[in-house]
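Presented below is the structure to which this report refers.
The values are calculated or read from the model by the stated rules, or taken from the named source; none is laboratory data. Just so it is clear, the structure is predicted and the values come from calculations on it, not from any experiment. Here the Cβ positions follow ideal geometry from the backbone for every residue, glycine too, while neighbour counts run over all protein chains shown. We work out accessible area using only protein heavy atoms, side chains counted, and drop any ligands, DNA or RNA first. Shrake-Rupley method; radii C 1.70, N 1.55, O 1.52, S 1.80 Å.
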Protein chains: 2
Amino acid sequence: MPETVVNTTPSNSSTASPSRTVLLLMRVLTFVFLLIALILIATLKQTDADTEEQIKFSDFYGYRYMLATIIIGFAYNLLQMAFSIFTVVSGNRVLSGDGGYLFDFFADKMISYFMISGSAAGFGLTVELGRGVPSNSFIDKANAAASLLLIGFVFTAIASTITSFALPKKAN
Amino acid sequence: MPETVVNTTPSNSSTASPSRTVLLLMRVLTFVFLLIALILIATLKQTDADTEEQIKFSDFYGYRYMLATIIIGFAYNLLQMAFSIFTVVSGNRVLSGDGGYLFDFFADKMISYFMISGSAAGFGLTVELGRGVPSNSFIDKANAAASLLLIGFVFTAIASTITSFALPKKAN
């Protein structure tokens, strides 16, 4: 009788509800910020006024790594949002039991580490590239992409904190 | 009667013991790796053969940030080891009750984020500095310091996972 089990624990599901709503909000916010960061970095190019050579983000390893972490974070949040929609529609969690909590915990932790490393690598490179050079759109766009990734990381770190505090539930 | 309470729960303290030992081992390993990284980055300098100008780590913002994160991680692990020694000597946790578990959880999480960001900023800069340049001791040492910081981060991330799984204990 799985239905009655669900029905007899209204207090449990109602206490879990606010944190799950905040969690979904964090994932949607991360998704939006990473989408803008993705567009910014993908369109990052500049033609040198003197040599007419074109500089692209892919000329720098640091920006390639940053793009990789943005794509990883983007794909992960897309997956989690799909899981949430499935849960709302079907009423069941995609990964039931302990597996779901453990997956959320480890995935949020790893993805947040990837995101901050990508942002830091981007900033570490941009700060050095931009030193002594007059402000230009290439540096500004790269800075903006790294900043958006950093903001996305903060939301994912909050999500990771929520899924860490949800770990005790797996014992139930 | 706090003594009798401790004595009547031998099973509880023995189950907690392995993870606390692993936790202490992770902190000692992090401490050792960060100490070597600290020495490497602090001694990072090179005299240019042509111009006789001396290049130091502090000429690069990325390496300054990396040094800052190494010092933060180093100081934190020193503090945690001091807490552990106090616990062994006195038999009491420094932060008793929920506070200790919450402090460990949030501190490990934040410090591990700092450490990976420092390592990524260092790598992001070093990879670009070293491109097209013949192998030299400055780049090699900077790479080694970033690698040691990354290894230290892995140990702290494991410690952070252990302290996350210890969160359910705070409810007891």
Crossing angle, helix B:61-90 versus chain B [Cα axis fit, 0-90 degrees, rounded to tens]: 20
10 Å Cβ neighbours from other chains, averaged over peptide A:155-165: 2
Label-point separation, B:Ile85 to A:Asp140 (7 Å along Cα→Cβ), nm: 5.4
Candidates B:Ala142, B:Ala121, B:Ala49: whichever shows maximal mean-square fluctuation once chain B is modelled as a Gaussian network with Cα springs under 10 Å: B:Ala49
For B:Thr43, label point 7 Å along C-beta direction: distances to other copies, nm: 5.0
Cα-derived Rg over Rh, computed across the protein assembly as shown with Rh taken as Kirkwood radius: 1.04
Probe 1.4 Å, protein heavy atoms only - accessible area per residue of chain B in square angstrom: 52
Spatially proximal lysines relative to A:Lys45 (Cα-Cα < 16 Å; intrachain offsets below 8 disregarded): A:Lys56, A:Lys141
Other copies of A:Ala75: label-to-label distances in nm, shortest first, labels 7 Å along the beta-carbon direction: 3.9
Choice from A:Ser112, A:Ser135, A:Ser160 with maximal GNM fluctuation in chain A (Cα, 10 Å cutoff): A:Ser135
Förster radius 51 Å - calculated FRET efficiency between A:Phe103 and B:Glu52 (Cβ-Cβ, nearest 0.05): 0.35
Using distinct alpha-carbon pairs, which all enter the 1/r mean, Kirkwood radius of segment A:66-111 in Å: 11.4
Directionally averaged shadow of chain A, computed from the convex hull of its alpha-carbon atoms, nm²: 11.0
Dipole of segment B:30-171 [Lys/Arg +1, Asp/Glu -1 at C-beta], most positive-end residue of B:Tyr101, B:Thr43, B:Phe60: B:Tyr101
Between helix A:98-129 and chain A: long-axis angle, C-alpha atoms, 0 to 90°, nearest 10: 10
Rounded to 10°, Cα long-axis angle of helix B:10-42 versus longest principal axis of chain B: 20
Chain B, relative contact order in percent, only Cα pairs under 8 angstrom and at least six apart counted: 33
Within segment B:13-100, trypsin sites (Lys or Arg not before Pro) in DSSP loop having at most 13 other beta-carbon neighbours inside 10 Å: none
For A:108-120, mean number of other protein chain Cβ atoms within 10 Å: 5
In the A-B interface, the accessible area buried, summed over both sides, Å² (probe 1.4 Å): 2300
Other-copy label distances relative to A:Arg93, 7 angstrom Cα-Cβ extension, nm: 2.5
Segment A:106-152 versus segment B:32-84: alpha-carbon centroid distance in Å: 21
